[in-house]
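Enquirer: I have a structure here, written as structure tokens, and I will follow up with some questions on it.
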Amino acid sequence: RSGVARDPGDDAERRGDGWYFRIEVQDAESRVRFEGEAATPLEAADRALGAWLEELGVGNAVAPAAHPTLLELQQRIDTAFLEGDLAAAAELVEAAPTDLQRDPSIAVRAAEIDERGGRSELALAQFAKIAAGGEGVTPALRGRALYGLCAIAFRRNELETGARRCAEALEALDGQSDSIARGRAYIMSAVIDDHLGNV
């Protein structure tokens with residue numbers, strides 16, 4: 001099974017007016033580097049992770065359907081989100097049947113879209129609700145919500161809070177199969193450590 005590996009070369013760095021991020025993914029047989037550049041570290045990280053998803057063939061595996069299953073809807077939202085198409089990701093959520101919209105796995109994705117789209121108060125409330133746990137909230141979903149709280153804290157320059165939330169996210173995601181979420185949390189933890197001078 002593939003996993004996200006951190007080494008001294010995995011990090012975000014400023015380049016001119018933007019950010020560059022590189023991440024290495026390894027399994028038992030190979031180690032591959034993916035890179036991303038964007039205006040913010042979060043977007044650069046997602047571009048690197050999006051390149052990984054493309055390599056895995058997730059995007060090509062997502063085909064339109066009138067009534068998607070929960071898994072299909074998750075994949076479509078994730079693909080649009082990682083490609084930076086927030087409008088398409090939001091449309092997928094809004095067009096989904098009500099029962100799917102209420103599922104925690106879709107609710108956390110809707111919050112991620114709100115956070116990236118600048119609607120931080122809406123995202124904060126939803127992330128906090130999911131992070132608190134409850135019916136249908138798996139450790140992986142709780143980890144994603146905690147990462148969302150970390151990202152919001154970072155954007156608000158609340159670095160100590162962000163560092164704590166990222167640590168909680170990584171603890172929740174430990175042993176989970178969501179390598180994308182774990183990768184994001186590692187990335188943001190590294191970025192916050194850099195800002196705090198802990199590197």
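Enquirer: Rounded, prolate or oblate, given the Cα gyration tensor of the range 116-189, with a/c below 1.5 counting as rounded?
Expert: Verdict is oblate for the range 116-189.
Enquirer: Convert each backbone phi in the range 158-173 into a coupling constant with the Karplus relation 6.51 cos²θ - 1.76 cosθ + 1.60 (shift: θ = phi - 60°), then list the ³J(HN,Hα) values in order as whole Hz, x for Gly and Pro.
Expert: Rounded to whole hertz, the list is 9, 5, 5, 4, x, 4, 5, 5, 5, 4, 5, 5, 5, 5, 5, 8.
Enquirer: Now, a different point. When a/c reaches 1.5 or more, the comparison of a/b and b/c decides; with that in mind, is the range 72-128 rounded, prolate or oblate per its Cα gyration tensor?
Expert: Taking the square roots of the gyration eigenvalues as a ≥ b ≥ c, the range 72-128 is oblate.
Enquirer: Carbon-plus-sulfur fraction of the accessible area of the range 78-167, 1.4 Å probe, in percent?
Expert: Exposed carbon and sulfur together represent 50 percent of the surface.
Enquirer: If Rh is defined by the Kirkwood formula over all Cα pairs and Rg also comes from Cα, what ratio Rg/Rh do you get for the range 50-199? List each step's numbers first, then the result.
Expert: Details: Rg = 15.0 Å, Rh = 15.6 Å.
Rg/Rh: 0.96.
The values are calculated or read from the model by the stated rules, or taken from the named source; none is laboratory data. All of these numbers come straight from a predicted model, not from anything done at the bench. Calculation scope for accessible area: heavy atoms of the full protein, side chains included, ligands and nucleic acids excluded. Shrake-Rupley method; radii C 1.70, N 1.55, O 1.52, S 1.80 Å.
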